[in-house]
Amino acid sequence: MRNKTYILFVCQDNAMYSQMAEAMVRLYRDDEICAFSAGLEPVRALDSRAVSFMERLGYNDMRLHTTKSVNDVPDFNYDFVITIGVPAYVPVAADKRLEWRFGDIENPDDVQLLRLRDKLLNKVLNLVISVAV
């Protein structure tokens with residue numbers, strides 16, 4: 001039996017939303033939840049705004065994150081696989097699958113992105129409270 005909950009966050013390119021969700025879990029519940037992020041079609045680098053907006057929350061390790069494919073994350077059964085803004089099925093074993101939608105999230109300006117970050121933070125905090133080990 002594992003003593004942590006394992007969550008995989010997946011978005012299209014792993015440059016922003018799934019990375020921020022992973023960082024939020026690490027910031028608030030790293031002791032009980034092991035978070036990963038991946039993209040269906042990962043790009044080469046994180047969006048610099050995601051790094052900046054997470055630093056505003058107090059998470060300063062975002063610059064150490066790298067983008068990766070769902071094929072690059074650890075291969076085991078996750079407690080949750082959560083897709084963010086992508087309806088696609090993710091070929092990863094999971095006990096539960098959730099789909100988080102925030103409307104049109106492509107190419108947001110800084111104000112829109114800050115609002116999206118806050119909506120994402122609310123969802124992540126609700127999730128981590130509900131899965132306390």
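Structure summary
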read-out: Number of positions in segment 24-49 that are of a type in the set (A, V, I, L, M, F, W, C) and more than 13 Å from Asp13 (Cα to Cα); value: 7
read-out: Number of the condition not met by Ala45 [criteria: (1) buried (at least 18 other Cβ atoms within 10 Å of the Cβ); (2) closer than 21 Å to Glu106 by Cβ]; value: (1)
read-out: Answer residue from segment 71-89, given it is hydrophobic (A, V, I, L, M, F, W, C) and under 14 Å from the mean Cα position of the chain (by Cα) and is surrounded by the most Cβ atoms within 10 Å (Cβ to Cβ) among those; value: Val81
read-out: Qualifying residues in segment 101-133 (those that are without any contact (Cβ under 8 Å) to a residue 12 or more places away in the chain and in a helix (DSSP H, G or I)) - the one farthest from Phe76 (Cα to Cα); value: Val111
read-out: Considering residues of segment 90-129 that are within 15 Å of Arg49 (Cβ to Cβ) and acidic (Asp, Glu) only, the residue surrounded by the fewest Cβ atoms within 10 Å (Cβ to Cβ); value: Glu106
read-out: Set Gly58, Gly39: member being at pLDDT 95 or above and in contact with a Ser or Thr (Cβ under 7 Å, 6 or more places away or on another chain); value: Gly39
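The values are calculated or read from the model by the stated rules, or taken from the named source; none is laboratory data. Every value quoted in this text rests on a predicted model; they were computed, and no experiment measured them. Please note: Cβ atoms are built from the backbone with ideal geometry, for glycine as well, and neighbour counts cover all protein chains shown.
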